[in-house]
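The values are calculated or read from the model by the stated rules, or taken from the named source; none is laboratory data. As the structure is a prediction and not an experimental result, all values here were calculated from the model. Every residue, glycine among them, receives a Cβ derived from its backbone with ideal geometry; neighbour counts consider all protein chains shown. Each accessible area value is taken on the protein alone, full model and side chains, heavy atoms only, with ligands, DNA and RNA left out. Shrake-Rupley method; radii C 1.70, N 1.55, O 1.52, S 1.80 Å.
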Amino acid sequence: MKHTTLLAVATLAAPLSAQQPATPQPFVIGNPLGLPIIPGAGVAFEAMSPNVKVFGAIYSAESCSYDAARGVIVVPNRGVPQNVQTNNAWVSLINHDGSVHTARWIGVQAPADRANLTPPLVLNEPYGSDIANGMLYVADRDGGMTANEPSVAVIRRFDMRTGAPAGETRVEASAWINDIEVAADGTVYATQTGDRSENPDPNTWQVLKITPGGEVSIFVQGAPLRQPNGVAIDPQGNIVVVNTGNSDVLTFSRAGRLLKTETAGQAGSDGLVIMPDGTKYVSSVLNGGVSRIRPGTPAELIARNVPNAASMCYDAGANQLVIPMNANNALAFVRLD
(Lines give C-alpha, C1' and ligand atoms only; values in the text may rest on other atoms or scores of the structure.)
Protein backbone atom coordinates (compact mmCIF):
# COMPACT_ATOMS: atom_id res chain seq x y z
CA MET A 1 0.00 0.00 0.00
CA LYS A 2 2.85 2.40 0.72
CA HIS A 3 4.29 2.00 -2.78
CA THR A 4 0.88 2.46 -4.38
CA THR A 5 0.21 5.66 -2.43
CA LEU A 6 3.54 7.22 -3.34
CA LEU A 7 3.03 6.44 -7.02
CA ALA A 8 -0.40 8.04 -6.99
CA VAL A 9 0.92 11.21 -5.40
CA ALA A 10 3.76 11.47 -7.92
CA THR A 11 1.35 10.93 -10.83
CA LEU A 12 -0.89 13.75 -9.66
CA ALA A 13 1.90 16.15 -8.75
CA ALA A 14 3.76 16.11 -12.05
CA PRO A 15 0.96 17.43 -14.30
CA LEU A 16 0.04 20.15 -11.77
CA SER A 17 3.60 21.48 -11.56
CA ALA A 18 3.88 21.39 -15.34
CA GLN A 19 0.61 23.31 -15.79
CA GLN A 20 1.42 25.88 -13.07
CA PRO A 21 4.94 27.29 -13.58
CA ALA A 22 6.34 29.41 -10.78
CA THR A 23 5.10 33.00 -10.87
CA PRO A 24 7.65 35.74 -10.15
CA GLN A 25 7.06 37.28 -6.74
CA PRO A 26 8.12 40.67 -5.33
CA PHE A 27 11.09 40.65 -2.97
CA VAL A 28 9.95 40.88 0.65
CA ILE A 29 11.76 40.61 3.96
CA GLY A 30 10.58 38.77 7.06
CA ASN A 31 8.45 40.40 9.75
CA PRO A 32 9.57 40.73 13.35
CA LEU A 33 8.25 37.90 15.52
CA GLY A 34 4.49 37.75 15.15
CA LEU A 35 2.02 36.79 12.43
CA PRO A 36 2.06 36.55 9.50
CA ILE A 37 5.70 35.43 9.25
CA ILE A 38 5.93 36.67 5.66
CA PRO A 39 4.17 39.97 4.84
CA GLY A 40 1.02 39.40 2.79
CA ALA A 41 -1.33 41.72 0.94
CA GLY A 42 -4.44 42.49 2.94
CA VAL A 43 -3.17 40.78 6.10
CA ALA A 44 -2.27 43.10 8.95
CA PHE A 45 0.84 42.21 10.93
CA GLU A 46 0.42 41.66 14.66
CA ALA A 47 3.51 41.52 16.86
CA MET A 48 4.06 38.72 19.32
CA SER A 49 2.86 39.69 22.80
CA PRO A 50 5.60 41.41 24.85
CA ASN A 51 5.48 38.87 27.71
CA VAL A 52 6.93 36.20 25.38
CA LYS A 53 10.73 36.03 25.07
CA VAL A 54 12.54 34.09 22.35
CA PHE A 55 16.29 33.28 22.31
CA GLY A 56 17.70 31.54 19.27
CA ALA A 57 17.37 31.92 15.50
CA ILE A 58 21.13 31.41 15.14
CA TYR A 59 22.54 28.51 13.15
CA SER A 60 26.24 28.13 12.39
CA ALA A 61 26.93 31.88 12.48
CA GLU A 62 30.50 33.01 11.77
CA SER A 63 30.16 36.78 12.19
CA CYS A 64 27.89 39.67 13.16
CA SER A 65 27.56 43.43 12.68
CA TYR A 66 25.75 46.18 14.56
CA ASP A 67 22.95 48.13 12.87
CA ALA A 68 22.93 51.50 14.62
CA ALA A 69 19.79 52.65 12.79
CA ARG A 70 17.63 49.83 14.18
CA GLY A 71 19.66 49.21 17.33
CA VAL A 72 19.97 45.49 16.60
CA ILE A 73 22.70 42.93 15.94
CA VAL A 74 22.77 41.58 12.37
CA VAL A 75 23.79 37.91 12.21
CA PRO A 76 24.26 35.93 8.97
CA ASN A 77 23.45 32.24 9.49
CA ARG A 78 25.27 29.79 7.22
CA GLY A 79 22.55 27.14 7.32
CA VAL A 80 23.59 23.77 5.94
CA PRO A 81 26.79 23.42 3.84
CA GLN A 82 26.79 23.87 0.07
CA ASN A 83 27.19 20.14 -0.54
CA VAL A 84 23.92 19.54 1.33
CA GLN A 85 21.76 22.34 -0.09
CA THR A 86 22.58 25.53 -1.94
CA ASN A 87 21.06 28.96 -1.15
CA ASN A 88 20.10 27.89 2.36
CA ALA A 89 21.53 30.78 4.44
CA TRP A 90 19.63 33.64 6.08
CA VAL A 91 20.17 36.78 8.20
CA SER A 92 18.71 37.31 11.68
CA LEU A 93 18.22 40.51 13.68
CA ILE A 94 18.93 40.14 17.41
CA ASN A 95 18.14 42.52 20.28
CA HIS A 96 20.70 43.74 22.84
CA ASP A 97 19.60 41.14 25.41
CA GLY A 98 19.96 38.23 22.98
CA SER A 99 16.25 37.92 22.28
CA VAL A 100 15.07 37.71 18.68
CA HIS A 101 13.92 40.81 16.82
CA THR A 102 13.47 39.13 13.42
CA ALA A 103 14.23 35.43 13.08
CA ARG A 104 14.72 35.56 9.31
CA TRP A 105 15.07 39.07 7.98
CA ILE A 106 16.86 38.23 4.73
CA GLY A 107 16.14 34.69 3.60
CA VAL A 108 12.63 34.17 4.97
CA GLN A 109 11.80 32.33 1.74
CA ALA A 110 12.58 28.65 1.19
CA PRO A 111 15.66 28.00 -1.00
CA ALA A 112 13.51 26.66 -3.84
CA ASP A 113 11.52 29.91 -3.99
CA ARG A 114 14.36 32.43 -3.93
CA ALA A 115 15.09 32.46 -7.65
CA ASN A 116 11.55 33.73 -8.33
CA LEU A 117 11.96 36.85 -6.20
CA THR A 118 12.45 40.30 -7.69
CA PRO A 119 15.38 40.70 -7.30
CA PRO A 120 16.41 37.04 -6.89
CA LEU A 121 18.09 36.06 -3.63
CA VAL A 122 21.31 34.06 -3.41
CA LEU A 123 22.90 33.51 0.00
CA ASN A 124 24.80 30.26 0.26
CA GLU A 125 27.32 30.02 3.08
CA PRO A 126 28.28 33.44 4.51
CA TYR A 127 31.32 33.91 6.74
CA GLY A 128 32.55 37.45 7.45
CA SER A 129 30.20 40.44 7.36
CA ASP A 130 30.27 44.21 7.75
CA ILE A 131 27.88 47.16 7.48
CA ALA A 132 29.07 50.24 5.61
CA ASN A 133 27.43 52.99 3.57
CA GLY A 134 23.94 51.63 4.17
CA MET A 135 24.89 48.17 2.89
CA LEU A 136 25.38 44.78 4.51
CA TYR A 137 28.44 43.10 2.97
CA VAL A 138 28.88 39.33 3.38
CA ALA A 139 31.68 37.00 2.33
CA ASP A 140 29.77 34.24 0.55
CA ARG A 141 30.68 31.61 -2.04
CA ASP A 142 29.22 29.85 -5.05
CA GLY A 143 29.86 26.30 -6.23
CA GLY A 144 31.41 23.54 -4.16
CA MET A 145 28.29 21.42 -4.34
CA THR A 146 30.40 18.34 -5.08
CA ALA A 147 34.05 17.38 -4.61
CA ASN A 148 34.68 18.07 -8.30
CA GLU A 149 32.90 21.44 -8.51
CA PRO A 150 35.13 24.44 -7.79
CA SER A 151 34.13 26.96 -5.15
CA VAL A 152 34.34 30.69 -5.93
CA ALA A 153 34.32 33.45 -3.31
CA VAL A 154 31.65 36.15 -3.74
CA ILE A 155 31.17 39.41 -1.84
CA ARG A 156 27.41 40.01 -1.72
CA ARG A 157 25.74 43.30 -0.79
CA PHE A 158 22.27 43.89 0.66
CA ASP A 159 20.44 47.18 1.17
CA MET A 160 20.17 47.76 4.93
CA ARG A 161 16.88 49.61 4.50
CA THR A 162 15.01 47.04 2.40
CA GLY A 163 17.12 43.89 2.79
CA ALA A 164 17.11 43.44 -0.99
CA PRO A 165 20.20 42.20 -2.87
CA ALA A 166 22.25 45.17 -4.11
CA GLY A 167 25.01 43.60 -6.18
CA GLU A 168 27.95 41.25 -5.82
CA THR A 169 31.64 40.90 -6.68
CA ARG A 170 33.08 37.52 -7.64
CA VAL A 171 36.64 36.83 -6.50
CA GLU A 172 37.59 34.19 -9.05
CA ALA A 173 41.08 33.58 -7.65
CA SER A 174 39.76 32.60 -4.22
CA ALA A 175 37.72 29.53 -3.25
CA TRP A 176 36.38 31.22 -0.10
CA ILE A 177 37.01 34.29 2.03
CA ASN A 178 37.00 34.31 5.81
CA ASP A 179 36.52 37.80 7.26
CA ILE A 180 35.94 41.20 5.64
CA GLU A 181 36.19 44.86 6.58
CA VAL A 182 34.77 47.66 4.43
CA ALA A 183 36.39 51.09 4.26
CA ALA A 184 34.40 54.32 3.98
CA ASP A 185 35.01 54.44 0.21
CA GLY A 186 33.62 50.92 -0.28
CA THR A 187 36.98 49.15 -0.58
CA VAL A 188 36.80 45.66 0.92
CA TYR A 189 39.72 44.07 2.77
CA ALA A 190 39.28 40.29 2.93
CA THR A 191 41.30 37.53 4.57
CA GLN A 192 42.11 34.23 2.92
CA THR A 193 43.14 31.98 5.79
CA GLY A 194 44.81 29.48 3.45
CA ASP A 195 46.86 26.39 4.17
CA ARG A 196 46.62 24.93 7.68
CA SER A 197 48.60 21.72 7.11
CA GLU A 198 51.73 20.67 9.02
CA ASN A 199 53.93 22.01 6.20
CA PRO A 200 51.82 24.92 4.95
CA ASP A 201 52.38 27.05 1.87
CA PRO A 202 52.76 30.65 3.13
CA ASN A 203 51.72 32.00 -0.26
CA THR A 204 48.16 30.88 0.51
CA TRP A 205 47.98 33.29 3.48
CA GLN A 206 46.62 36.48 1.99
CA VAL A 207 44.74 39.68 2.63
CA LEU A 208 42.92 40.76 -0.52
CA LYS A 209 41.92 44.28 -1.52
CA ILE A 210 38.72 44.61 -3.56
CA THR A 211 37.90 48.05 -4.96
CA PRO A 212 34.32 49.35 -5.33
CA GLY A 213 34.73 48.73 -9.07
CA GLY A 214 35.49 45.05 -8.48
CA GLU A 215 39.26 45.03 -9.03
CA VAL A 216 40.92 42.37 -6.85
CA SER A 217 44.57 42.55 -5.77
CA ILE A 218 46.76 41.02 -3.08
CA PHE A 219 47.23 43.52 -0.25
CA VAL A 220 49.56 41.32 1.87
CA GLN A 221 50.79 37.77 1.25
CA GLY A 222 52.85 35.34 3.34
CA ALA A 223 54.72 36.15 6.55
CA PRO A 224 54.08 37.85 8.90
CA LEU A 225 50.62 36.52 8.13
CA ARG A 226 50.02 33.08 9.59
CA GLN A 227 46.54 31.87 8.63
CA PRO A 228 44.99 35.36 8.76
CA ASN A 229 41.43 35.57 10.03
CA GLY A 230 39.88 38.70 11.57
CA VAL A 231 40.42 42.07 9.88
CA ALA A 232 39.43 45.61 10.90
CA ILE A 233 40.37 49.25 10.28
CA ASP A 234 41.82 51.29 13.15
CA PRO A 235 41.05 54.99 13.86
CA GLN A 236 44.04 56.05 11.74
CA GLY A 237 42.76 54.14 8.73
CA ASN A 238 45.33 51.34 9.00
CA ILE A 239 44.44 47.70 8.28
CA VAL A 240 44.71 45.38 11.29
CA VAL A 241 44.78 41.59 10.90
CA VAL A 242 44.81 38.78 13.49
CA ASN A 243 46.31 35.36 12.83
CA THR A 244 44.77 32.00 13.67
CA GLY A 245 48.19 30.33 13.38
CA ASN A 246 49.73 32.38 16.23
CA SER A 247 48.88 35.24 18.60
CA ASP A 248 50.11 38.12 16.42
CA VAL A 249 47.98 41.22 15.87
CA LEU A 250 49.40 42.96 12.80
CA THR A 251 48.85 46.60 11.79
CA PHE A 252 49.52 47.50 8.15
CA SER A 253 49.47 50.87 6.44
CA ARG A 254 47.12 51.44 3.49
CA ALA A 255 50.17 50.71 1.32
CA GLY A 256 50.57 47.26 2.89
CA ARG A 257 53.64 48.09 5.02
CA LEU A 258 53.83 46.45 8.45
CA LEU A 259 53.68 49.20 11.08
CA LYS A 260 53.26 47.32 14.34
CA THR A 261 52.98 43.83 15.81
CA GLU A 262 51.06 43.27 19.05
CA THR A 263 50.29 40.01 20.83
CA ALA A 264 46.89 38.71 21.90
CA GLY A 265 46.50 36.85 25.19
CA GLN A 266 46.00 33.57 23.32
CA ALA A 267 46.81 32.15 19.91
CA GLY A 268 44.12 31.01 17.48
CA SER A 269 42.59 34.44 16.88
CA ASP A 270 39.38 34.94 14.90
CA GLY A 271 37.36 38.03 15.87
CA LEU A 272 38.66 41.60 16.00
CA VAL A 273 36.97 44.78 17.24
CA ILE A 274 38.76 48.15 17.38
CA MET A 275 37.34 50.98 19.47
CA PRO A 276 37.60 54.73 18.67
CA ASP A 277 40.40 55.12 21.26
CA GLY A 278 42.45 52.37 19.56
CA THR A 279 41.70 49.62 22.10
CA LYS A 280 41.55 46.23 20.41
CA TYR A 281 39.48 43.20 21.40
CA VAL A 282 40.51 39.83 19.97
CA SER A 283 38.63 36.53 20.31
CA SER A 284 40.34 33.14 20.05
CA VAL A 285 38.28 30.56 18.18
CA LEU A 286 40.72 27.82 19.27
CA ASN A 287 41.24 28.71 22.95
CA GLY A 288 38.09 30.64 23.88
CA GLY A 289 39.56 33.78 25.37
CA VAL A 290 38.79 37.43 24.65
CA SER A 291 41.85 39.70 24.85
CA ARG A 292 41.83 43.43 25.42
CA ILE A 293 44.84 45.34 24.09
CA ARG A 294 44.88 48.96 25.19
CA PRO A 295 47.29 51.23 23.27
CA GLY A 296 50.84 50.70 24.53
CA THR A 297 49.93 47.99 27.07
CA PRO A 298 50.12 44.18 27.01
CA ALA A 299 47.03 42.11 26.33
CA GLU A 300 44.76 41.04 29.18
CA LEU A 301 42.09 38.33 29.03
CA ILE A 302 38.70 39.76 29.94
CA ALA A 303 36.76 36.56 29.18
CA ARG A 304 37.71 32.89 29.03
CA ASN A 305 36.46 29.59 27.68
CA VAL A 306 33.95 30.87 25.14
CA PRO A 307 33.40 27.88 22.83
CA ASN A 308 34.25 28.50 19.15
CA ALA A 309 34.58 32.27 19.67
CA ALA A 310 34.26 33.45 16.06
CA SER A 311 34.22 36.88 14.37
CA MET A 312 32.67 39.15 16.99
CA CYS A 313 31.15 42.61 16.67
CA TYR A 314 30.64 45.58 18.96
CA ASP A 315 27.08 46.39 20.04
CA ALA A 316 27.39 50.13 20.63
CA GLY A 317 23.83 50.42 21.92
CA ALA A 318 24.61 48.20 24.90
CA ASN A 319 28.41 48.62 25.14
CA GLN A 320 29.08 44.94 24.71
CA LEU A 321 30.90 42.46 22.50
CA VAL A 322 28.74 39.93 20.69
CA ILE A 323 30.51 36.69 19.80
CA PRO A 324 29.03 34.07 17.45
CA MET A 325 29.74 30.56 18.75
CA ASN A 326 29.38 28.90 15.36
CA ALA A 327 29.35 25.20 16.31
CA ASN A 328 27.11 25.94 19.30
CA ASN A 329 24.46 27.82 17.29
CA ALA A 330 24.43 30.69 19.77
CA LEU A 331 25.78 34.15 20.60
CA ALA A 332 27.90 35.10 23.62
CA PHE A 333 27.64 38.60 25.13
CA VAL A 334 30.47 40.31 27.01
CA ARG A 335 29.70 43.64 28.67
CA LEU A 336 32.52 46.18 28.63
CA ASP A 337 33.52 48.41 31.50
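Quick check: from the Cα gyration tensor, does segment 215-304 come out rounded (a/c under 1.5), prolate or oblate?
oblate
Expressed as a whole percent, the accessible surface of segment 188-248 that belongs to carbon and sulfur atoms is 41, based on a 1.4 Å probe.
Where in the chain lies the longest segment free of GluC sites (Glu not before Pro) that are both loop residues by DSSP (not H, G, I, E, B) and have at most 14 other Cβ atoms within 10 Å?
1-171
Would you list LYS260, LYS280 from the most to the least accessible area, probe 1.4 Å?
LYS260, LYS280
In order along segment 50-64, the Karplus-derived 3J(HN,Hα) couplings, from 6.51 cos²θ - 1.76 cosθ + 1.60 at θ = phi - 60°, round to x, 7, 9, 10, 10, 10, x, 6, 10, 9, 6, 7, 10, 7, 7 Hz, and Gly and Pro are given as x.
Build a GNM of the chain with springs between Cα atoms under 10 Å apart, and of VAL207, VAL241, VAL52 the one that fluctuates most is VAL52.
Please report the equivalent ellipsoid semi-axes of segment 40-168, computed as sqrt(5 x eigenvalue) of the Cα gyration tensor, largest first, in whole Å. Could you put the intermediate results ahead of the total?
Working: eigenvalues 127, 54, 47 Å².
So the three semi-axes of segment 40-168 are 25, 16, 15 Å.
Peptide packing for 114-122, 314-322 was compared via the average number of neighbouring C-beta atoms within 10 Å per residue; ordered from the highest value, the list is 314-322, 114-122.
Expressed as a whole percentage, what fraction of the accessible surface of segment 60-107 belongs to carbon and sulfur atoms when a 1.4 Å probe is rolled over the protein heavy atoms? Whole-percent figure for carbon plus sulfur exposure: 48.
On a 0 to 90 degree scale, rounded to 10, what angle separates helix 2-19 from the longest Cα axis of the chain? Tilt relative to the chain: about 90 degrees.
Of all beta bridges that DSSP places with both ends in the chain, some 95 percent have antiparallel geometry. Based on C-alpha pairs under 8 angstrom that are at least 6 apart in sequence, the chain has a relative contact order of 12 percent. Across segment 267-279, rounded Karplus estimates of 3J(HN,Hα) from the backbone phi angles (6.51 cos²θ - 1.76 cosθ + 1.60, θ = phi - 60°) give 7, x, 5, 9, x, 8, 10, 10, 8, x, 8, x, 5 Hz, Gly and Pro being marked x.
Highest GNM mean-square fluctuation among SER253, SER49, SER63, for the chain modelled with Cα contacts below 10 Å: SER49. Per-residue Karplus couplings for segment 138-143, computed as 6.51 cos²θ - 1.76 cosθ + 1.60 with θ equal to phi - 60°, are listed in order as 10, 8, 10, 8, 10, x Hz, Gly and Pro entered as x.
The orientation-averaged projected area of the convex hull spanned by the Cα atoms of the chain comes to 21.2 nm².
The value of relative contact order for segment 20-91, using C-alpha pairs under 8 Å at least six residues apart, is 16 percent. Using only Cα atoms, locate the centre of segment 130-166 and the centre of segment 67-82, then give the distance between them in Å, rounded to an integer. First find each Cα centre; the distance between them is then 12 Å. The residues of segment 256-337 expose, per residue, 43 Å² of accessible area to a 1.4 Å probe.
Taking only C-alpha pairs under 8 Å that are 6+ residues apart, what is the relative contact order of segment 176-230 in percent? Worked out over segment 176-230, it gives 34 percent.
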